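The values are calculated or read from the model by the stated rules, or taken from the named source; none is laboratory data. All figures in this text were calculated on a predicted structure; none of them were measured in a lab. As a convention, Cβ positions derive from the backbone with ideal geometry for all residues, glycine included, and neighbour counts pool all protein chains shown.
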Amino acid sequence: MSPRLNSLPHGGLRFTWVAVGVAAVIWYFLFAVPGVNFWGLIAPATLVLGVIGAPLVYRDTFTASGKEWLRYLGLGMAGAVALYVIFWVGNEVVALIPFMGEQQVENVYATKAQASPNLIAALLLFPIGPGEELFWRAWVQRALMAKYGPWKGFAIATFFYIAIHIPSMNLTLLAAAAVAGIFWGLLYMKVGHIGPGLVSHALWDAAVFVWFPLG
């Protein structure tokens, strides 16, 4: 594990757990409360929790040289393509399972009716994709890895990332959160910097939801 991932956040681990609790409440409203505009809530939430929150508790979040950022850009783009291929294959498999078939996939895409495709793509590129990655990996996973060690911290952070999707009552979405969460969590642990995950998450979100949807 990179030495930079060994430090606890400003505000301590308790502050991190409070932030996870806040995220859990927000995601409950996103998935379980009728009439909530998904995009109108998740955009400001990820902006505050991720884009603003993570760099405050870990002030070295973006520290890297220009050469390193070019490498992270390449890794992130490759990661987005690899994850999209994984989901394309997974979508073909899911279609064959009765209780995880087309209807559940359609339910995942139902929020597209709440805004224009161009606006959704823009929000996924920023702040939603980067914000989620900054919060769950650069803040929560990093804090838990510093406290409990790399693998245990990764496992706990990934568990909570998956768990906040439970209120959707959508097995396909839960499976997607598990695959993506494990992928980005391992990427963060391996590289030791949030750069690749930022690029991968943002591009993958826009691709799978707007540019090249799977359902």
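Put simply, of Val81, Val89, Val51 the only residue that is free of Cβ contacts under 8 Å to residues at least 12 places away in the same chain, within 16 Å of Ala202 (Cβ to Cβ) and in a helix (DSSP H, G or I) is Val81.
Of the set (1) surrounded by 19 or more Cβ atoms within 10 Å (Cβ to Cβ); (2) farther than 26 Å from Ala122 by Cα, all apply to Lys152 but (1).
Considered as a group, the residues in the stretch 1-48 that are without any contact (Cβ under 8 Å) to a residue 24 or more places away in the chain and in a loop (DSSP other than H, G, I, E, B) include one that is surrounded by the most Cβ atoms within 10 Å (Cβ to Cβ), and that residue is Val36. For the structure I just gave you, tell me whether Val108 is without any contact (Cβ under 8 Å) to a residue 60 or more places away in the chain and either surrounded by fewer than 19 Cβ atoms within 10 Å (Cβ to Cβ) or among the aliphatic types (A, V, I, L, M) (or both). Criteria not met by Val108.
To keep it simple, each residue is scored yes or no on (1) assigned to a helix (DSSP H, G or I); (2) at pLDDT below 95; (3) charged (D, E, K, R); (4) under 22 Å from Val25 (Cβ atoms).
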| position | (1), (2), (3), (4) |
| --- | --- |
| Glu106 | yes, yes, yes, no |
| Tyr109 | yes, yes, no, no |
| Gly131 | yes, no, no, yes |
| Met145 | yes, no, no, no |
| Leu173 | yes, yes, no, yes |
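Scanning the stretch 33-69 for residues that are modelled with pLDDT of 95 or more and small (Gly, Ala, Ser) turns up Gly40, Ala43, Ala45, Gly50, Gly53, Ala54, Ala64, Ser65, Gly66.
The set of residues in the stretch 180-208 that are surrounded by 22 or more Cβ atoms within 10 Å (Cβ to Cβ), touching a Phe, Trp or Tyr at 6+ places or on another chain (Cβ under 8 Å) and more than 24 Å from Ser65 (Cα to Cα) comprises Ala180, Gly181, Trp204, Val208. Every listed requirement among (1) under 17 Å from the mean Cα position of the chain (by Cα); (2) in a helix (DSSP H, G or I); (3) of a type in the set (Ser, Thr, Tyr) is met by Thr61 save one, (2).
Would it be correct to say that Val51 is within 17 Å of Val140 (Cβ to Cβ), in contact with a Pro (Cβ under 9 Å, 6 or more places away or on another chain) and surrounded by 15 or more Cβ atoms within 10 Å (Cβ to Cβ)? Spelling it out, Val51 is indeed within 17 Å of Val140 (Cβ to Cβ), in contact with a Pro (Cβ under 9 Å, 6 or more places away or on another chain) and surrounded by 15 or more Cβ atoms within 10 Å (Cβ to Cβ). I'd like to check something: does the stretch 75-97 contain any residue that is of a type in the set (Val, Ile, Thr), buried (at least 18 other Cβ atoms within 10 Å of the Cβ) and more than 23 Å from Phe183 (Cβ to Cβ)? No, the stretch 75-97 contains no residue that is of a type in the set (Val, Ile, Thr), buried (at least 18 other Cβ atoms within 10 Å of the Cβ) and more than 23 Å from Phe183 (Cβ to Cβ). Looking only at the stretch 147-165, residues that are assigned to a helix (DSSP H, G or I) and in contact (Cβ under 8 Å) with a residue 60 or more places away in the chain come to 4 in all.
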